[in-house]
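Note sheet for the following structure.
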Amino acid sequence: MAAGVSDLVTRFSLIRKSAPDRTLIHLPAAGGEWSADDLWHAHQRYSDRLAKIGVGHGDLVISAAGNSAASVALLLACRALDAAMMPVDAGAAHTELLALAERFGATALLAPDTSFAPDPRLDGDRAAVLDAGLRVSPTLEIERRSFAGSAVLKLTSGSTGTAKATLTSEAQLVADSARILAAMKIRPSDVQLATIPVSHAYGFGNLILPVLLQGTAVVLRDSFVPQQLQADARRFGARVFQGVPFMFQFFLSTPLAGGWPSSLASLFSAGAPLPAATVRAFHERFGVKIHSFYGTTETGGISLDEDDEVDGGGTVGRPLPGVTVTLRNEEDVIGRIHVASTAVATGYSDVGRRADDAFVDGGFLTGDCGAFDGKGRLTLSGRVSSFVNVAGQKVRPDEVEEVLRTMPGIADARVVGADDPSRGEQIVACVVAEPEGSIAELAVRRFCAARLAPHKVPRTIVFVGAIPVTPRGKIDRAALEGIVRARLTV
């Protein structure tokens, strides 16, 4: 893309010209809505204010605007200035935002006005207040970096260490979202429900980009509240819901007043593996199938379970058109997933990191392992980083988890590794018992011993009320490991 010429801005200008009064963003919490015209004028105001505080070609704006219409307008504004944007969680603390600004050399910070505190690294005299109480402030005493050629720096989850940020161009963003829209059959006339954070790669690509690329309207909520989701689906005639596993599991465990909204027929789940049992139970109760979507921050969308039949396979479907998935075997790792497509990011922003070695052979070598079934569908089988080394033998946690979930009386289970003085690491099973159920630790170990090799049998069983999850819907491994540490130190 040539400097100053944005495909996103051009495409959205055409949408706005064809239907300026069409509502594209519903804001039920605030009782408002933004039309295409509102969004266009907001992006002009924002770009003007950003330019006045010195934001221009290649500069970075960190935004904690969250699930707001301003997030969409800000992306357009940054694209109009040929600046890069880094979306972060709306609840990020002042110190977190400044730490990111210093690490990545940001030119400006945007966050709720209440999030700012006096700081020598921010130029309060030139700060400007935008819509909805959002404030943008230029940075001071920070060595600014240029991200020319990048539209968005997408933060990884940081589940295996310090979060990284991808260098993602506008062309890569557009290619990814267009591919997802086609595979999911999301139409310009559709309405999507947005309760996942749009600051994360999943929400950003599947919810925000469609607004700008083809005018697909979105209902924005700050968080997942089941009753609100049902009401919003009925009120706005929403057809598409992009969720994460725990949301669908909640609907299964909690009675729904009035049943499932009839319009809400296209359901997708990502962010963490969706158990096949959840798909079957949801379909049996509500008559709608949940489709598993698989992607990473570095690659964008990878595969989608497009099939309408519920066969209990637990796959993440076939690779999206234009995406090439190959499985690589190396040493003790079988079937590590390599992804190549026009949506794969250029690399990480921290130049020289060894992690950049994963951007190889025209694509990205993920930390996931998988296998293809006879129908060409991909099944995930764990992460390279999560393998537990027991006395020199690698154990896939998901293999043990699958066995645990088949035991009567167990509702859910997750497996982690813990230090063991004699074997290096040991297998620890965190188990959620069925309501009103009673299971003994010895019974769990015996059940596993009859179905697994000795080194794969959990040495310690920890009973928990629920498996902790992050706002992204992923398993909160830090919290889980904290529970395990507390148990083992008793």
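The values are calculated or read from the model by the stated rules, or taken from the named source; none is laboratory data. Computed from a prediction, not measured in an experiment: that's the story for all the values here. Using ideal geometry, Cβ is built from the backbone for each residue, glycine included, and neighbour counts are taken over all protein chains shown. All accessible areas refer to the heavy atoms of the entire protein, side chains included, with ligands and DNA or RNA removed. Shrake-Rupley method; radii C 1.70, N 1.55, O 1.52, S 1.80 Å.
Any residue that is modelled with pLDDT of 95 or more and of a type in the set (Asp, Glu) - is there at least one of those in segment 206-226? Outline the logic, then answer.
Keep residues of segment 206-226 that are modelled with pLDDT of 95 or more, which gives 206-221.
With of a type in the set (Asp, Glu) added as a condition, the list becomes none.
Taking every residue of segment 206-226 in turn, none turns out to be modelled with pLDDT of 95 or more and of a type in the set (Asp, Glu).
Kindly establish whether ASP38 is open to solvent by 20 Å² or more (accessible area, probe 1.4 Å), in a helix (DSSP H, G or I), modelled with pLDDT of 95 or more and closer than 18 Å to LEU209 by Cα.
On the way: open to solvent by 20 Å² or more (accessible area, probe 1.4 Å): yes; in a helix (DSSP H, G or I): yes; modelled with pLDDT of 95 or more: yes; closer than 18 Å to LEU209 by Cα: yes.
For ASP38, the condition - open to solvent by 20 Å² or more (accessible area, probe 1.4 Å), in a helix (DSSP H, G or I), modelled with pLDDT of 95 or more and closer than 18 Å to LEU209 by Cα - is met.
Look at segment 79-95 and say how many of its residues are touching a residue at least 60 places away in the same chain (Cβ under 8 Å), open to solvent by 10 Å² or more (accessible area, probe 1.4 Å) and more than 17 Å from the chain's Cα centre (by Cα).
Residues in segment 79-95 being touching a residue at least 60 places away in the same chain (Cβ under 8 Å), open to solvent by 10 Å² or more (accessible area, probe 1.4 Å) and more than 17 Å from the chain's Cα centre (by Cα): 2 in total.
Among residues belonging to segment 19-51 that are hydroxyl-bearing (Ser, Thr, Tyr) and in contact (Cβ under 8 Å) with a residue 60 or more places away in the chain, point out the one that is farthest from ASP125 (Cα to Cα).
THR23
Go through the residues of segment 440-447 one by one and say whether even a single one is in contact with a strand residue (DSSP E or B) (Cβ under 6 Å, 6 or more places away or on another chain), crowded, with 18+ Cβ neighbours inside 10 Å and within 30 Å of LEU327 (Cβ to Cβ). First the steps, then the outcome.
So in segment 440-447, the residues in contact with a strand residue (DSSP E or B) (Cβ under 6 Å, 6 or more places away or on another chain) come out as 441, 444.
Okay, now just the ones that are also crowded, with 18+ Cβ neighbours inside 10 Å, so 444.
Subset that is within 30 Å of LEU327 (Cβ to Cβ): none.
Scanning segment 440-447 turns up no residue that is in contact with a strand residue (DSSP E or B) (Cβ under 6 Å, 6 or more places away or on another chain), crowded, with 18+ Cβ neighbours inside 10 Å and within 30 Å of LEU327 (Cβ to Cβ).
Looking for whichever is closer than 30 Å to ASP232 by Cα and polar (S, T, N, Q) here; the options are SER47, SER35. Which one fits?
Values: SER47 fails: closer than 30 Å to ASP232 by Cα.
Testing whether each residue is closer than 30 Å to ASP232 by Cα and polar (S, T, N, Q) leaves just SER35.
Let me confirm something: among ALA65, ALA117, ALA127, ALA99, which residue is surrounded by fewer than 24 Cβ atoms within 10 Å (Cβ to Cβ) and in contact (Cβ under 8 Å) with a residue 40 or more places away in the chain? First the steps, then the outcome.
Numbers: ALA65 fails: surrounded by fewer than 24 Cβ atoms within 10 Å (Cβ to Cβ); ALA117 fails: in contact (Cβ under 8 Å) with a residue 40 or more places away in the chain; ALA99 fails: in contact (Cβ under 8 Å) with a residue 40 or more places away in the chain.
It is ALA127.
Give segment 42-60 a look and list any residue that's open to solvent by less than 70 Å² (accessible area, probe 1.4 Å) and in contact with a strand residue (DSSP E or B) (Cβ under 9 Å, 6 or more places away or on another chain), or say none.
Within segment 42-60, the subset open to solvent by less than 70 Å² (accessible area, probe 1.4 Å) is 42-43, 46-47, 50-51, 53-56, 58-60.
Selection gives ALA42, TYR46, LEU50, ILE53, GLY54, VAL55, GLY58, ASP59, LEU60.
Cβ-Cβ below 8 Å, separation at least six or inter-chain, first residue in segment 142-154 and free of Cβ contacts under 8 Å to residues at least 60 places away in the same chain, second not in a loop (DSSP other than H, G, I, E, B): which pairs?
Close Cβ pairs (under 8 Å, with a partner that is not in a loop (DSSP other than H, G, I, E, B)) amount to ILE142/ALA101; ILE142/GLU102.
Quick check: anything in segment 349-361 assigned to a strand (DSSP E or B) and either loosely packed, with under 15 Cβ neighbours inside 10 Å or modelled with pLDDT of 95 or more (or both)? Quick ask: steps written out before the conclusion?
To start, the set of residues in segment 349-361 that are assigned to a strand (DSSP E or B) comprises none.
No; the residues of segment 349-361 include none that is assigned to a strand (DSSP E or B) and either loosely packed, with under 15 Cβ neighbours inside 10 Å or modelled with pLDDT of 95 or more (or both).
Please specify each residue of segment 1-22 satisfying the condition of being of a type outside the set (Gly, Ala, Ser) and either at pLDDT below 95 or under 18 Å from LEU209 (Cβ atoms) (or both).
Residues of segment 1-22 of a type outside the set (Gly, Ala, Ser): 1, 5, 7-12, 14-17, 20-22.
MET1, VAL5, ASP7, LEU8, VAL9, THR10, ARG11, PHE12, LEU14, ILE15, ARG16, ARG22, listed by residue number.
Of everything in segment 224-246, what is in contact (Cβ under 8 Å) with a residue 60 or more places away in the chain and not aliphatic (A, V, I, L, M)? Give them in sequence order.
GLN228, ASP232, ARG235, PHE236, GLY243, PRO245, PHE246
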